[in-house]
Structures are given as C-alpha cells and as structure tokens.
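The values are calculated or read from the model by the stated rules, or taken from the named source; none is laboratory data. Note that the coordinates shown come from a computational prediction; the quantities given were computed from them, not determined experimentally. All Cβ positions, even for glycine, are placed from backbone atoms using ideal geometry, and neighbour counts span all protein chains on display. Surface areas here come from the heavy atoms of the whole protein model, side chains and all, with no ligands, DNA or RNA. Shrake-Rupley method; radii C 1.70, N 1.55, O 1.52, S 1.80 Å.
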Amino acid sequence: MNLPNKLTTLRVIMVPFFVFFMLMSEHFGTWSNIVALIIFIAASLTDMLDGKIARKYNLITDFGKFMDPLADKLLVCSALICFIPLGRIPTWIVLIIIAREFIISGFRLIAAEKGKVIAAGIWGKMKTAVTMVTIIIMIPHLPGTGIFVLEQILIYLSLALTIISLCDYLIRNKDVLDGEM
C-alpha cells in the first residue's frame with residue numbers, strides 16, 4: 001500500500017475517534033471539543049496530502065480513486081450528523097447535504113460505467129471548502145453571539161452551495177443520463 005492510500009486509510013480510521021469526542025463533548029466539556037477539532041483538522045490535512053502526493057509521484061490507484069472521496073464524505077457527513085443531537089444544526093439541512101453526496105456518487109458510478117470520469121466543478125470545490133470551514137468553526141462550540149451568527153451564515157452558505165453545486169453538476173453532465181431514463 002502506497003503512502004497516499006495509507007493516508008486515506010488513516011483518515012477513515014480517525015472518523016470513529018472524531019465522532020466519539022464530538023458526542024462526548026456534552027459529558028466532558030471543552031477539552032472533548034478540542035480533541036475532536038484536532039482530529040478533524042488532522043484528518044482534513046491527510047486529504048490534502050494524499051492527493052498532492054499521489055499526483056506528484058504518480059501513485060494514483062483504483063483504491064485511492066474509490067476510497068479517497070468515500071473517506072472525505074465519511075468525515076464530513078459524520079461531523080454534520082454529530083451536530084444534530086448536539087443541537088448545532090437542523091436535521092433537514094444535514095439531510096439535504098448528505099442527499100447531494102449520494103446523488104453525485106450515484107451519478108459518478110453511472111458515468112464510470114460509460115467510461116467517463118467527471119471532475120469536480122468550481123461550485124463543488126467552493127461547497128467543500130465552505131463546508132470544511134463551517135465544520136471547523138462549529139466543532140469548538142465557542143460561546144458568543146458573534147460566533148453563533150457566523151456559524152449560521154456559514155451553515156446556510158454551505159446549504160446554498162450544496163444546492164447550486166448539485167444543479168451545476170447535473171446540468172454540466174446531463175449527457176451521462178442519456179438512454180438511462
């Protein structure tokens with residue numbers, strides 16, 4: 001197993017630890033949020049590193065092509081789901097964000113069967129960046145009206161970019177569904 005694939009695997013392994021510390025924040029307080037934040041940032045950095053290393057040293061594998069986006073979705077969706085019982089984000093927003101991920105993943109599978117690889121567009125990249133920043137700001141759960149307002153703005157910006165990126169993705173790649181319906 002090459003280094004990028006090891007980093008992807010490490011990211012998957014980090015997810016349950018992240019979830020544990022996020023959900024234990026109600027019992028253990030601030031330090032639990034700090035540990036969760038450190039784990040989330042470390043896992044996010046492995047995502048950045050594995051892609052750069054794989055491209056730079058031509059270490060792209062089928063395992064990496066499959067597991068890297070899956071590990072990313074697992075990390076982000078786990079964080080968003082953890083925020084629900086903690087009362088930090090409405091369930092319906094998380095459901096829309098996760099539904100978009102399933103739709104895009106399904107769409108990519110259909111495209112792959114037709115021999116087409118679909119790269120992420122600018123809207124998808126912006127959605128990912130804003131969502132990651134949103135999660136990083138929300139994990140510590142700092143007190144204060146200003147932080148709460150910032151969190152709310154970022155949550156709804158993530159939601160808007162989720163919907164825009166889904167529409168953009170489907171419109172740009174509607175030919176993938178030709179003959180499927």
Dmax and Rg, reported as Rg then Dmax, of region 36-95 (C-alpha, Å): 14.3, 43
Proximal lysine pairs, region 5-128, alpha carbons under 19 Å, eight or more residues apart or interchain: 14
In Hz, Karplus ³J(HN,Hα) per residue of region 20-35 (6.51, -1.76, 1.60; θ = phi - 60°; x = Gly, Pro): 4, 5, 5, 6, 7, 4, 5, 9, 10, x, 4, 4, 5, 5, 5, 4
Chymotrypsin sites (Phe, Trp or Tyr not before Pro) restricted to DSSP loop in region 1-74 with at most 14 other C-beta within 10 Å: TYR57
LYS56 paired with LEU157, simple spin-label distance in nm, labels 7 Å along Cα-to-beta-carbon: 2.9
Exposure of ILE84 as accessible area (Å², to 10), given a probe of 1.4 Å and all protein chains: 50
Gain on full stretching of the segment that runs from LEU170 to ALA42 - 0.36 nm per residue minus C-alpha separation: 42.9 nm
Structure-based [θ]222 nm, the chain - -39500 (n - 2.57) summed over DSSP H runs of at least 4, per residue, nearest 500: -27000 deg cm²/dmol
Cα gyration tensor shape for region 127-181, rounded if a/c is under 1.5, else prolate or oblate: prolate
Among (1) 18.6; (2) 17.4; (3) 16.5, the entry derived from the coordinates for Kirkwood radius over Cα pairs in Å: (2)
Pairwise FRET efficiency - ALA120 versus ILE84, Cβ, R0 = 22 Å, nearest 0.05: 0.25
